[in-house]
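The values are calculated or read from the model by the stated rules, or taken from the named source; none is laboratory data. Owing to the predicted nature of the structure, the values given are computational and were not obtained by experimental measurement. Backbone-built Cβ (ideal geometry, glycine too); neighbour counts: all protein chains shown.
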Amino acid sequence: MTTHGDDPGLVTLALRLDAIRRAADGIHLLEFVRPDGAPLPPFTAGAHVDLHLPGGLVRQYSLCNPPHETHRWELGVKRDAASRGGSRWLHEDLRVGSQLQVGLPRNHFPLHEDAASSVLIAGGIGITPLACMAQRLQALGRPFALHYGVRQRQDAALLDRIDASALRLHVDAEHGGAPLDVARVIAQAPAEAHLYCCGPGPMLDAFEAAARAQGRPADRVHLERFAPVQPAAVGGGYTVRLARAQQEVEVPAGQTILEALRLHGIEVPASCEQGICGTCETRVLSGTPDHRDSLLSDEERSSNRVMMICCSGSRDPLLVLDL
Ligand code: FES
């Protein structure tokens, strides 16, 4: 086990890639195990891990095997045509038997296991955390439905993991190209249901809008994004005071807080640098952040007690952080 600083999110394990399986067109399932065969740390449904790749790249992937399994971590990786190196390397260069540093599981998309009913809505590779949730709900014997939208039938992954009675597959090509009607799924969901969505941006936007329009309580509406919804705050023109380090850093126009800190030689844990993974979450002691992340709830944002410094800025001339 390797520890970088005191953040548990930065603890990594050297794991061996034990298998690569084709799950669908352009989607591989990567199965990691401990080289000594020992059990892996536990995880909860909806969790993801950081894969540390060559060149200092760190990429997040959701765990898609059932959480009761301790002998392996299975990740679904879609080959992204616009890959900055991560998914392309994982698809083309990674070989069975290779070792990678893998972060401990973290979960910003937890499953409410005691819900009376759960409705899971997946689009494309967004199936990975929801397949994990579905397998957990199946193991618990809890009622759920999984609505899964794909462009073509050969894009659908992990179908064999889901009870056929709970699975509703929507293939756009078989409906004249029309995507899954998320608003209708929500309208038909039981009133007490917890709603979960993971998929492409337009699906998530439709999910959020429909849940709000239909008056679904915010504490029963959950989503996970793979891409940022807003650009980073790079207006600059404010000061960040690091309370513990007793240091002040000016953030100029064109830089994020994270970038400004790095330029002053201050290393802060970060991974996605897009406001979607939570690695850089930092406590705010005073000042008002300009939140740009895709993770915090409305309540967390308005409390202004934490922020993601890789993408969020400051609305005040001085922001005091617990760093
Ligand atoms: S580094 Fe991922 S949210 Fe900031």
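For the reader, a short list of remarks on this structure follows.
- If you check R315, R301 for being over 24 Å from G86 (Cα atoms), within 16 Å of the ligand (Cβ to nearest atom) and not assigned by TED's automatic domain parsing to the domain that holds T12, only one passes: R301.
- Residue pairs meeting the criteria (Cβ under 8 Å; at least 6 apart or on separate chains; first more than 25 Å from Q60 (Cα to Cα), in region 251-272; second of a type in the set (G, A, S) and within 15 Å of the ligand (Cβ to nearest atom)): V251/A260; V251/G313; P252/A260
- Within region 103-115, residues that are on the phi > 0 side of the Ramachandran plot and in the same structural domain as A139 (by TED's automatic domain parsing) reach no partner that is surrounded by fewer than 19 Cβ atoms within 10 Å (Cβ to Cβ) and at pLDDT 95 or above with beta carbons closer than 9 Å at six or more positions or on different chains.
- Scanning region 36-61 for residues that are buried (at least 17 other Cβ atoms within 10 Å of the Cβ) and over 16 Å from L100 (Cα atoms) returns F43, T44, A45, G46, A47.
- A count restricted to region 273-298 and to residues that are in contact with a Cys (Cβ under 9 Å, 6 or more places away or on another chain), over 28 Å from G85 (Cβ atoms) and touching a residue at least 40 places away in the same chain (Cβ under 8 Å) stands at 0.
- In region 278-298, the residue that is modelled with the highest pLDDT out of those that are in contact with a helix residue (DSSP H, G or I) (Cβ under 7 Å, 6 or more places away or on another chain) and within 13 Å of the ligand (Cβ to nearest atom) is H291.
- Here the condition is being surrounded by 14 or more Cβ atoms within 10 Å (Cβ to Cβ) and either in a loop (DSSP other than H, G, I, E, B) or at pLDDT 95 or above (or both); of A245, A227, A270, A253, it holds for A270 alone.
- Qualifying residue in region 125-137 (condition: closer than 21 Å to R184 by Cβ, in contact with a Cys (Cβ under 8 Å, 6 or more places away or on another chain), aliphatic (A, V, I, L, M) and assigned by TED's automatic domain parsing to the domain that holds P190): yes
- Qualifying residue in region 230-241 (condition: surrounded by fewer than 17 Cβ atoms within 10 Å (Cβ to Cβ), on the phi < 0 side of the Ramachandran plot, within 14 Å of the ligand (Cβ to nearest atom) and among the polar types (S, T, N, Q)): yes
- A count restricted to region 23-59 and to residues that are among the basic types (K, R) and at pLDDT below 95 stands at 1.
- Candidates in region 262-277 are the residues that are within 13 Å of L323 (Cβ to Cβ) and within 8 Å of the ligand (Cβ to nearest atom); of these, the one that is nearest to the chain's Cα centre (by Cα) is A270.
- All positions within region 107-125 that are surrounded by fewer than 20 Cβ atoms within 10 Å (Cβ to Cβ) and touching a His at 6+ places or on another chain (Cβ under 7 Å): H112, A115
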